[in-house]
1. Taking Cα centroids, how far is the range 41-72 from the range 91-145 in Å?
2. Convert each backbone phi in the range 145-155 into a coupling constant with the Karplus relation 6.51 cos²θ - 1.76 cosθ + 1.60 (shift: θ = phi - 60°), then list the ³J(HN,Hα) values in order as whole Hz, x for Gly and Pro.
3. Would you please give the FRET efficiency between Arg14 and Leu141, computed as 1/(1 + (r/R0)^6) with r the Cβ-Cβ distance and R0 = 41 Å, to the nearest 0.05?
4. Which of the peptides 131-137, 150-156 is most tightly packed, and how do the rest follow, going by the mean number of other Cβ atoms within 10 Å of each residue?
5. Net charge around Ala120, counting only other residues with Cβ within less than 12 Å of its Cβ (Lys, Arg = +1; Asp, Glu = -1)?
6. Just Ala68, Ala123, Ala90 to compare: in a GNM of the chain, with alpha carbon springs under 10 Å, which one fluctuates most?
7. Would you mind checking which residues have amide H under 5 Å from Val132's amide H? H placed 1.01 Å from N; only 5 or more apart, or other chain.
8. Using all C-alpha to C-alpha distances in the chain, build P(r) with 10 Å bins and read off the rounded percent in each one.
Amino acid sequence: MVSEATASQRAAKRRALVVGNWKMNGSAASNEALLAALKAAPLGDAEVSVCVPAVYLHDVADSLHGGAVHWGAQDCSSHDSGAYTGEISAAMLAEFGCCHVIVGHSERRALHGESDRLVAEKAAAALKHGLVPIVCVGETLAEREAGQTEAVVGRQLGAAIELLDKRIDGVVIA
């Protein structure tokens, strides 16, 4: 249990975080224009990051390096290395200077059958390599209509809390 003083101290240190998920969008030309506009925008006190398709990580890292806007990836593997064709490890993402990685997005849970445990394992891999995992939680429309929102979100959060324990403080919940 976290004491109230500790919780309020942590809350006072936290900044707003705004993360743009590009999903499967972009092109070299449109990315360049978007990044130029983002770098010129007043950010205020918020921490800003863009999570981009892996094929654009190098270009985004080059463009944003040294600036106020951070970058991240849209997913990572729960494995550090191995025969996992198409996967990207958290260590690889850290080499690109990524700060954030999205795990457990509703589309990956629904379309790729990612379990709550796998999402928690991905978050653990991200933390191990110095990335801030953004763990997505949420119910489907059918679950919401059936009144299962609290149970679904509780189950999803529970898996992350169980595996990560005290490291959960390093996770962003979306």
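Laboratory data are not the source of any read-out in this text; all were calculated from the coordinates shown. Please read all numbers here as calculations on a predicted model, not as lab measurements. We place every Cβ from the backbone using ideal geometry, glycine too, and count neighbours over all the protein chains shown.
1. 19 Å
2. Coupling constants for the range 145-155: 5, 8, x, 9, 3, 4, 5, 5, 5, x, 5 Hz.
3. E between Arg14 and Leu141, to the nearest 0.05, is 0.85.
4. Details: 131-137: 22.6, 150-156: 14.4.
Descending mean neighbour count gives 131-137, 150-156.
5. Numbers: positive: Arg117, Lys122, Arg155, Arg167; negative: Glu114, Asp116, Glu121, Glu162, Asp165.
Residues close to Ala120 contribute a combined charge of -1.
6. Ala68
7. His100, Val101
8. 9, 34, 35, 19, 2
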